[in-house]
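Following: one structure in structure tokens, then a few remarks.
The values are calculated or read from the model by the stated rules, or taken from the named source; none is laboratory data. Bear in mind that the values here come from a model prediction, so they are computed numbers and not experimental data. Neighbour counts run over all protein chains shown; Cβ positions are idealised from the backbone, glycine included.
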Amino acid sequence: MNNRFILGLLLVVIGALLILNNYFNIFGNFSFWWPALLILIGLMQLLKRSTSTLWAMLLIAVGLLFLGKNIGLIPGKLMFPIALILIGCCFIFSRLGTVTHDNTDQVNYFTLFSSLQTNNQAQDFKGGSVAAVFGGSEVNFRQAQMSDQGAVLELTAVFGGIDIIVPNHWKVQVTGTPIFGGWENKTTYHAENENDNEQILKVNCIAVFGGITIKN
């Protein structure tokens, strides 16, 4: 399933639940206890081997931060700067997470309040999608081989960051839609053999308060 569809469906469901709660009070005082959901998701992320414990702990910390505000332990004026400090520290130290290995030809990576570092070693890479929502993803394709027909990669960063690393014999074409975010193509192209057919990686980016970088 496409990551954009999953993200869109998630936002629609959350919005619908909030509307229902406003009219029917299904969840009671939702504004008071919703940080518990963040803490629960963070605890679930800690059980996943493929995600960084650092981002899971960030989610738990943010949940505790908002819960502390709701019960009066933390002043409201300190919420935003503390949250920025927590997220900034996670971006700085996110490389401490576990690096996984994958050989999938059609990737579908989705991180939510977590991080992902993976080395993709596909021998017939066709493309796929990578999405990071309040988290970070780094996908290394240096040991991968692109399909003879080329590949198409969909990247979506929402309050998060994505780093894509490719070999310098892959030609990369990037288009994107930045919404208070941005993307950058830092790759340099060098053909392995003058007689080789040119293989192109087409990258489509959506960056919403986030950043995307494609590099060698």
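For Ser137, the conditions (1) within 12 Å of the chain's Cα centre (by Cα); (2) outside any strand (DSSP E or B) are fulfilled apart from (2).
Mind counting the residues in the range 154-167 that are over 11 Å from Tyr109 (Cβ atoms) and surrounded by fewer than 23 Cβ atoms within 10 Å (Cβ to Cβ)? So that I can check it myself, show each step before the final result.
Step one: of the range 154-167, the residues over 11 Å from Tyr109 (Cβ atoms) are 157-161, 163, 165-167.
When the remaining residues are screened for being surrounded by fewer than 23 Cβ atoms within 10 Å (Cβ to Cβ), the result is 158-159, 161, 163, 165, 167.
Adding up the residues that qualify gives 6.
Within the range 95-105, is there a residue that is loosely packed, with under 14 Cβ neighbours inside 10 Å, of a type outside the set (Ser, Thr, Tyr) and modelled with pLDDT under 65? Yes, there is a match, as at least one residue in the range 95-105 is loosely packed, with under 14 Cβ neighbours inside 10 Å, of a type outside the set (Ser, Thr, Tyr) and modelled with pLDDT under 65. The single condition from (1) under 30 Å from Ile41 (Cβ atoms); (2) in contact with a Cys (Cβ under 7 Å, 6 or more places away or on another chain) that Val158 fails is (2). Going by the conditions given, is Ala151 buried (at least 19 other Cβ atoms within 10 Å of the Cβ), at pLDDT 90 or above and not aromatic (Phe, Trp, Tyr)? Yes.
The single residue among Ala144, Ala207, Ala157, Ala191 that is of a type in the set (A, V, I, L, M), part of a loop (DSSP other than H, G, I, E, B), modelled with pLDDT under 95 and over 19 Å from Asp102 (Cα atoms) turns out to be Ala191. Could you please tell me which pairs satisfy a Cβ distance under 7 Å, a separation of 6+ or placement on different chains, a first residue in the range 176-190 that is over 12 Å from Asn204 (Cα atoms), and a second residue that is modelled with pLDDT of 85 or more and among the hydroxyl-bearing types (Ser, Thr, Tyr)? Filtered contacts from the range 176-190: Lys186/Thr213.
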